[in-house]
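Q: This is the structure I have questions about; it appears just below.
The values are calculated or read from the model by the stated rules, or taken from the named source; none is laboratory data. As the structure is a computational prediction, the values presented were derived from the model and not from experiment. All Cβ positions, glycine included, derive from the backbone under ideal geometry; neighbour counts span all protein chains shown. Note: accessible area is taken over every heavy atom of the protein model, side chains too, but ligands, DNA and RNA are not part of it. Shrake-Rupley method; radii C 1.70, N 1.55, O 1.52, S 1.80 Å.
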Amino acid sequence: MTLKNFFTAILLFGASLIYSQSYSIQGEIKDESDQGVAYANILLLRAQDSTIVNGTTSDDSGAFRFNDISQNNYILKTSFIGYETVYSAIELSADIVLDPIVLIESTESLSEVSITVKKPTFKRESDRLIFNVENTSLSEGNMIDVLRSTPSVLILNNTISVNNATPVVYINDRKVNLSSSEVVQLLEGTSASNIKSVEVITNPSARYDADSGIVLNIKMSKNLVTGYSGSLFSNYTQGVFPKVSLGSSNFFKTKKLDLYVNYSYGDRKIDRVNREMVTYQNERYDSDVDRNTWSETHTVNLGLDYEINANNRLSISSNMLFLPYFKYRTKNNTNVTALTPIPSNSFSRFFSDNLAKDLKHNLGFDVDYEHTFKADSSKLRLNAHVTTYDYRRKQRVDSDYFDSNDNFIESRAFRSRSDQATEIFTSQIDYKLPIGSNSALELGGKLGQVRTNSTIVQYNIMGNQEVQNDENTDDFDYQEDVYAGYVNFEKNGEKWNFNVGVRAEQTQIEGVSMSNSVTNTQDYLEWFPNTSISYNVSNKANLFVNYNRSISRPDYSDLNPFKFFLNDNTIVTGNPGLQPIFIDYLDLGVTFNNNFTLQVYYKKSEGNIFELPIQDNDENEIFYTPFNLASTIDYGIDFFGNINILDRWSMFVITSFYYTKDEGTVDNSLVEKDIWANYSDVTNSISFLKDNSLTANFVITYISANIQGFQKVDSRLLTDLSLRKTMLKGKGILSLSISDLLNDHDFFVRTKFLDQNSSVFSNLDNRYVRVGFRYRFGNTGLSTNEKTLSKEERDRLGNKH
C-alpha cells in the first residue's frame with residue numbers, strides 16, 4: 001500500500017463521518033453601580049476536574065464571549081483586581097446568554113491578599129504521568145533540575161532516560177530537534193521559573209512522530225490575564241567550581257496578543273574525574289582522568305500567539321542556544337602494567353593533555369497556524385519548523401611517554417579542526433474533527449528533512465612541522481527524508497475511553513564519506529499502530545491497557561565515521577552501518593482511589609543501540625562506538641502512589657521492579673546479559689509557616705545495579721533538597737537547593753564479555769549548593785495557568801445558587 005493510497009483512504013474515511021455541534025457562551029461583567037468592567041479575567045473550567053478549557057478578558061464595555069465549546073458542565077470563574085472572585089455553574093447544551101455577572105468590591109487591599117504557594121503535584125493517567133511544578137521550589141533552578149526531580153526520569157552522563165529508553169523532548173508540544181546531549185545543554189541553560197508541568201507520555205498517539213516512543217513534554221506558562229508581568233532571577237551554584245546564571249522572563253497579553261520572551265545567561269565550570277581500567281591481552285592500562293569544562297551560554301525562548309479572529313490563530317515560537325565559549329581540557333595519566341614476561345610496548349606510562357575549544361549555536365523556529373471551522377468546530381493546524389545547528393571545534397592533543405624508570409622517551413602531538421553544519425526542516429498538517437460531544441477523529445501528514453555536512457582535518461605535529469594525516473581527514477554528507485501520514489480516533493465515555501491510531505513513515509537515508517567514497521543508504525516503509533483503552537469500573541477504580549510500536553533512528557552524529565581521539569589509544573567514532581531500532585511496548589494496569597496505580601509492562605527493542613567500549617587487543621586501542629544489539633527485552637511491575645501524610649506534607653512514590661536482557665553478536669560470537677533491577681523514587685513536599693510561604697521538596701531516588709548494553713552499572717542513591725521562601729508581598733522568591741546530600745551518586749560501569757575487559761568509575765560534579773533569588777514585577781497580583789480550584793474555592797462554589 002503506497003502513502004498516496006494511505007492518504008486517500010484517510011480522507012475518504014474522514015469524509016464519511018457525521019459532523020457535530022458546539023455552542024457559545026456570552027455575557028457581561030458589571031460592578032455594583034451597573035457599570036461595565038473592562039479587562040476582567042474570565043476562565044472557563046470543566047466542572048469534573050476544574051481543568052481550564054478556555055480563558056478570555058472582557059472588552060471595553062464588559063462583554064465577553066466563548067465560541068466552539070462542547071456540550072458539558074462547566075464552572076465560570078470571573079476575577080478582577082480589587083473585587084471578589086465570582087464562580088458560576090453552567091450546564092451547556094445550547095447557545096447561552098448569561099445574566100450579568102456583578103463584581104463586588106473586595107474589603108481587602110491588594111497588599112493584604114494572602115500569598116498562594118503551591119506544592120508539586122503528581123497525576124498518573126493511563127498513557128502519561130503529569131508532574132506539576134509551577135510556582136514550587138523545584139522551579140527555581142534550570143529545566144534539567146526539574147527533569148532530574150521528575151518521577152521516572154533519569155539524567156546520567158548528559159543522557160536523559162525513561163524506562164531504560166531515551167525519550168524525545170517536546171516544549172509546548174513542539175519537538176526539540178536535537179541529540180540527547182545537545183538537549184541537555186539547551187535545558188541546562190534555560191530557567192525553570194516558567195515551567196508549568198512535565199508530561200512523561202509513555203504511549204503517545206499516532207499524531208506524534210514514530211520516533212517519539214516516549215515523550216517528555218515540557219509545558220511552559222502563559223498569562224491568562226491581560227497586562228504585563230515579568231521577573232528577574234539569578235542563581236549562584238557552588239560545586240567543585242562556582243557557577244552563575246541570571247536572566248529575565250517577560251509576559252505580555254492583550255485580548256488578541258499573547259507574548260513571552262525569556263533570556264538566561266550561564267557561566268559554568270564543571271569537573272569530572274574518572275578512574276579507567278582496560279585489560280588487553282598482554283597489558284593493563286590504568287588511567288586517572290581529570291576533565292574540566294568551561295562554558296558560557298546564552299539561551300532565548302520566545303513565543304507569540306496572535307488571535308486573528310475567533311476562528312484563526314497564528315503562533316511563532318523559538319528556542320535559541322548560543323555558546324560563544326565552550327572549552328574542555330582532559331588530562332590523562334595512564335600507567336601500563338605488563339601481564340606477560342615480554343611487554344608489548346617500550347613505555348610504562350604516558351600523560352596526555354587534550355584541549356578543545358568549540359563555538360556553537362543552535363536555533364530552532366516554529367510557525368503555527370490554526371483555523372477553526374464554524375460549521376462543525378473542526379480544527380486545521382499547519383506547522384513549519386526550521387533548525388539550524390553549527391559548531392566548529394579546534395583540538396590539540398599532546399602526549400608524553402615514559403619508561404619503567406620514569407625516564408622521558410618521546411612526545412607525540414596532533415591537532416584537528418572539525419566543523420558541522422546541520423539544517424532541519426519539517427512541515428506538518430493536522431485536522432481534528434469532533435464527532436458528537438465525546439469523540440474526535442484526527443488525521444494528518446508530515447515531511448521531515450535533515451541535511452548535514454561534516455568536515456574533519458587532522459595534522460600530526462613533528463617538531464615545528466605539521467603534516468596532514470590523510471587517514472583521519474574526511475568529509476561526510478548526510479541526508480534524511482521522512483514522509484509520514486497518520487489517522488487517530490478517540491472516544492471518551494462514562495465507562496469506556498479509547499484511543500486508536502496508526503502512522504506510516506517512509507524513510508530515505510543517504511550518508512557519503514568522501515575519504516573512502518563509501519555511500520550508505522537506507523530506504524524503508526514502516527507502520528506504527530497505537531492503542532490506549534481504559535474502563536472506569538467505579539468512581540474509585542480504573543483499568544487500562546496500552547500498546548504502541550515505535551522507531552528510534554540512529555542520530556546523524558552516530559552515523560558519522562569520523563574518529564575523535566581523546567588520546568593516542570582512546571578513540572570515539574561513529575558507525576555508518578547502524579540500523580534503526582523497532583520497539584514494541586505493552587502495559588496494563590489499574591488505578592484506584594485516584595491516587596494509586598499498579599501496572600505491568602513488556603517492551604522489546606529490536607536492534608537496540610548502545611555506545612560500547614570495544615577493545616582492539618592487538619593494537620591496544622579502545623574504541624567507543626555505537627553498536628546494534630540483536631534485541632533488548634524489558635518487563636516488570638510498577639507502582640505509583642500519591643500519599644497525603646499530613647495537611648502540609650504530601651508524598652508521591654514510584655517503584656519499579658524489572659528484568660532486562662541484552663542479546664547480540666560481537667565478533668561472530670553470541671553475547672547475552674540479563675539482570676533483575678529496581679528503580680524507586682520518593683518525593684516529599686512540605687509547607688511551613690502560617691501563610692505556607694516556605695515550602696520544601698526532598699527527593700530520594702534509588703537505582704539498583706543494572707545493565708546497559710552488555711555493561712553492568714553500579715547502584716546509585718540520589719538525594720536532593722530544595723527550599724523556597726516567598727517574601728516582599730509575594731514579589732520576591734528566595735531559594736536554596738542542595739544536590740547529592742549523601743554523596744552516593746558516583747558509580748562504576750564494567751564491561752566484561754568475550755575478550756573485552758574494562759571499567760570506568762565516574763566521580764561526577766553533581767554535588768552542589770545553589771542559592772537563588774527571583775523578583776516578580778508587573779501584573780503579579782493575578783495567578784497564571786491556574787489549573788485547579790482550591791478546596792476553599794470549591795466550597796464557595798457550592799454556596800452559589
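Q: Could you size up the charge dipole of the range 441-555 around its Cα centre, putting +1 on the beta carbon of Lys and Arg and -1 on that of Asp and Glu, and report it in debye to the nearest 20?
A: Working: 8 positive and 16 negative charges, 233 e Å.
About 1120 debye.
Q: Sorting check: for 598-606, 719-727, which peptide has the highest mean count of neighbouring beta carbons within 10 Å, and how do the rest follow? Intermediate values should be presented prior to the final figure.
A: Details: 598-606: 17.4, 719-727: 19.7.
Final packing ranking: 719-727, 598-606.
Q: Separation of the range 345-377 and the range 634-691 by C-alpha centroid, Å?
A: Measuring centre to centre over Cα atoms gives 29 Å.
Q: Among Ser669, Tyr659, Gly636, which residue has its Cα positioned farthest towards the positive end of the charge dipole of the range 612-687, with +1 placed on the Cβ of Lys and Arg, -1 on the Cβ of Asp and Glu, and the dipole taken about the Cα centre?
A: Gly636
Q: Structure shown: which of Lys196/Lys360; Lys256/Lys432; Lys360/Lys604; Lys219/Lys491; Lys123/Lys491 lie over 31 Å apart, alpha-carbon to alpha-carbon?
A: Numbers: Lys196/Lys360 29 Å; Lys256/Lys432 23 Å; Lys360/Lys604 37 Å; Lys219/Lys491 24 Å; Lys123/Lys491 21 Å.
Over 31 Å apart, Cα to Cα: Lys360/Lys604.
Q: Roll a 1.4 angstrom probe over the protein heavy atoms and tell me the percent of accessible area of the range 537-694 that is carbon or sulfur. Show your work: numbers first, answer last.
A: Details: 3960 of 7000 Å².
Here carbon and sulfur together make up 57 percent of the probe-accessible area.
Q: So, one more: Report the full-extension gain for the segment Arg648 to Phe761: residue separation times 0.36 nm, less the Cα-Cα distance, to one decimal in nm. Could the numbers behind the result be given before it?
A: Working: separation 113, 0.36 × 113 = 40.68 nm, distance 4.06 nm.
Value of the extension gain: 36.6 nm.
Q: Charges at C-beta only: +1 for Lys and Arg, -1 for Asp and Glu. How large is the resulting dipole of the chain about its Cα centre, in Debye rounded to 20?
A: Values: 77 positive and 99 negative charges, 420 e Å.
The dipole magnitude comes to about 2020 debye.
Q: For the chain, with the dipole built from +1 on Lys and Arg beta-carbon atoms and -1 on Asp and Glu ones, taken about the Cα centre, which of Asn472, Gln238, Asn333 lies farthest toward the positive end?
A: Sorting the options by dipole projection puts first Gln238.
Q: Evaluated at 25 °C with a viscosity of 0.890 mPa s, what Stokes-Einstein diffusion coefficient in µm²/s does the range 344-495 have when Rh comes from the Kirkwood expression over alpha-carbon pairs?
A: Details: Rh = 20.9 Å.
Here the translational diffusion coefficient equals 117 µm²/s.
Q: Suppose R0 equals 51 Å. What FRET efficiency, 1/(1 + (r/R0)^6) with r the Cβ-Cβ distance, do Gln522 and Asn54 give to the nearest 0.05? Walk me through the numbers on the way to the answer.
A: Working: r = 45 Å, r/R0 = 0.88.
After rounding to 0.05, the efficiency reads 0.70.
Q: Probe of 1.4 angstrom, ligands and nucleic acids ignored: what's the accessible area per residue over the chain, in square angstrom? The partial results should precede the final answer.
A: Numbers: 35400 Å² over 801 residues.
It amounts to 44 Å² per residue over the chain.
Q: Taking one equal scatterer on every alpha-carbon of the range 343-393, how large is log10 of I(q)/I(0) by Debye at q = 0.25 1/Å?
A: Reported log10 I(q)/I(0), two decimals: -0.97.
Q: Okay, moving on. For the range 330-424, would you read off the P(r) tail past 17 Å as a percentage of all alpha carbon pairs? Don't skip to the end; give the middle numbers.
A: Working: 3159 of 4465 pairs.
So the pairs more than 17 Å apart make up 71 percent of the total in the range 330-424.
Q: Can you give me the distance in nm between label points at Trp676 and Leu314, each placed 7 Å from the Cα along the Cα-to-Cβ direction?
A: Going by the 7 Å Cα→Cβ label model, 6.1 nm.
Q: Using the Kirkwood formula over every pair of different C-alpha atoms, what hydrodynamic radius in Å results for the chain? Walk me through the intermediate numbers first.
A: Details: mean 1/r = 0.0346 Å⁻¹.
Hydrodynamic radius (Kirkwood, Cα only) of the chain equals 28.9 Å.
Q: Could you work out what % of the accessible surface of the range 294-431 is carbon and sulfur, using a 1.4 angstrom probe and leaving DNA, RNA and ligands out of the count?
A: Working: 3660 of 6500 Å².
Looking at the range 294-431 in its full context, I get 56 percent from C and S.
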